[in-house]
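Read the structure below first, then the notes.
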């Protein structure tokens with residue numbers, strides 16, 4: 001079986017999450033005793049081959065950084081100078097389309113056509129000949145070719161195309177047009193010398209992520225909130241087994257706790273801020289009712305992270321991992337001066353040191369700590385990061401590469417820091433998040 005994962009905006013984190021999930025051998029995802037090979041990759045896609053089918057619906061819900069999961073149907077060879085339309089002109093036959101994409105649906109079909117790039121240079125090439133069209137004209141040309149094949153055999157069809165100057169349909173368009181229920185999304189994965197034809201099996205539930213973020217009773221825009229998708233990615237990077245217990249010692253209003261509950265973990269949250277705990281209590285009560293979470297799956301306490309060991313000892317629980325967005329320091333609307341940044345890093349380093357010393361009292365060997373630390377964004381891919389992470393390494397924790405070196409070597413376009421971490425940022429924010437993974441010795 002061959003699959004393609006459509007990656008999120010911060011594709012390095014998406015790939016890190018996928019690699020972490022594939023290493024877990026989780027039978028509920030179809031990963032147990034199922035060897036996986038990475039075939040190709042680009043900033044848009046990761047292609048894999050498996051021995052056995054994956055459990056797609058469960059896997060899609062598990063992954064915060066994957067927009068769509070596709071099944072690769074066929075692979076065609078192409079010459080570098082040929083357009084996709086020329087390469088596929090004999091492929092979209094009525095019998096092929098019916099068998100591969102529409103065999104289970106009767107009635108008026110709705111289908112979409114998306115193009116994804118395995119070779120980013122294809123987007124830069126102008127049309128050179130009658131066989132070579134601008135890549136941005138290809139979705140419409142291919143879609144109309146498939147539509148004609150279907151209408152010629154008497155089918156009633158409606159074609160949905162990407163918006164102007166876009167190559168692929170957003171998950172919103174796939175969902176709103178009911179493409180997976182009333183037809184299909186056909187995806188063309190374009191490389192320099194190969195073209196893969198795939199169909200979409202699942203798309204990320206954007207409405208549910210929005211609900212989990214914006215419909216909660218309490219939000220705190222002033223302090224900044226980790227998005228549910230990023231919280232989910234971080235939890236997956238922790239590598240926990242099902243029903244593990246996860247601690248968030250800087251829980252704020254409870255985003256990591258709620259995402260941990262959805263993944264089937266028991267979660268303990270603490271925060272020194274009483275108002276944050278009150279907000280977390282309100283949010284998690286709403287969340288538990290909305291998502292039918294059984295009672296007793298989480299606990300909340302007011303506690304300084306530097307004294308949380310007493311709380312854990314009192315509860316008698318074994319903590320299998322820590323996943324947290326630590327205090328990131330002040331929020332800025334303009335880039336702070338170097339002395340202010342230096343002071344922030346020193347203060348946070350002291351706090352993190354005390355916290356990691358406390359974590360060492362109860363974390364078992366090989367347990368992971370996945371956390372955010374601040375990185376000040378100076379420009380595109382230019383950050384002022386914490387000068388050192390020795391606060392953890394000196395206390396018996398190893399800094400892990402967020403993507404193992406054996407995998408990273410095969411993917412040259414990854415945006416990794418010089419210490420093997422990854423950064424999540426947004427254009428409107430000065431303080432970005434550096435995602436860091438430690439493992440206790």
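Just so it is clear, none of the values below were taken in a lab; they were calculated from the coordinates. The shown structure was predicted, so the numbers you read here are calculated from the model rather than taken from an experiment. Quick reminder, even Gly has a Cβ in these numbers, built from the backbone with ideal geometry, and neighbours come from all protein chains shown.
Using the C-alpha atoms of the stretch 1-71, what convex hull volume per residue, in cubic angstrom, is computed?
So the per-residue hull volume is 71 Å³.
Taking only the alpha carbons of the stretch 338-399, what extent do you get along each of the three principal axes, in Å, biggest first?
39, 22, 14
How high is the relative contact order of the stretch 292-359, in percent, with contacts defined as C-alpha pairs under 8 Å that are six or more residues apart?
With pairs under 8 Å counted, the relative contact order is 54 percent.
At 0.36 nm per residue, minus the direct Cα-Cα distance, what do residue 333 and residue 209 gain on full extension? Give it in nm, one decimal, please.
Once the chain is fully extended between residue 333 and residue 209, it gains 42.0 nm.
What do you get for the angle between helix 274-290 and the principal long axis of the chain? Use alpha-carbon atoms, 0 to 90 degrees, nearest ten.
40 degrees
Normalise the Cα radius of gyration of the stretch 399-441 by 2.2 N^0.38 Å (N = residues in it) and let me know the number.
Taking the Cα Rg and dividing by 2.2 N^0.38 Å, one obtains 1.31.
Given a cut-off of under 8 Å on Cα pairs at least six residues apart, what relative contact order in percent is computed for the chain?
Contact order relative to length: 14 percent.
Using the C-alpha gyration tensor of the stretch 2-204, what are the square roots of 5 times its eigenvalues, in whole angstrom, with the largest one first?
In descending order the semi-axes read 27, 21, 15 Å.
Note down the Stokes-Einstein diffusion coefficient of the chain in µm²/s, whole number, using a Kirkwood radius over alpha carbon pairs, 4 °C, and 1.567 mPa s.
Stokes-Einstein gives a translational diffusion coefficient of 55 µm²/s.
Quick check: convex hull of the Cα atoms in the stretch 145-270, volume per residue, rounded to a whole Å³?
Considering the Cα atoms of the stretch 145-270, their hull volume per residue is 192 Å³.
Mind checking the log10 I(q)/I(0) for the stretch 218-440 at q = 0.09, 0.10, 0.18 Å⁻¹? Debye, one equal scatterer per Cα, no solvent, two decimals.
-0.35, -0.43, -1.45
Determine one quarter of the surface area of the Cα convex hull of the stretch 28-125, which equals its mean projected area, and express it in nm² to one decimal.
Its average projected convex-hull area is 8.6 nm².
If one takes the longest principal axis of the Cα atoms in the chain, at what angle in degrees, from 0 to 90 and to the nearest 10, does the Cα axis of helix 138-152 lie?
50 degrees
List the equivalent ellipsoid semi-axes of the stretch 270-339 in whole Å, largest first, each obtained as the square root of 5λ for an eigenvalue λ of the Cα gyration tensor.
Equivalent-ellipsoid dimensions as semi-axes: 28, 19, 11 Å.
For a quick check: sort 405, 185, 325 by the number of other beta carbons within 10 angstrom, fewest at the front.
The order, fewest Cβ neighbours first, is 405, 325, 185.
Grab the eigenvalues of the alpha-carbon gyration tensor for the stretch 200-311, scale each by 5, take roots, and send me the semi-axes largest first in whole angstrom.
22, 17, 13
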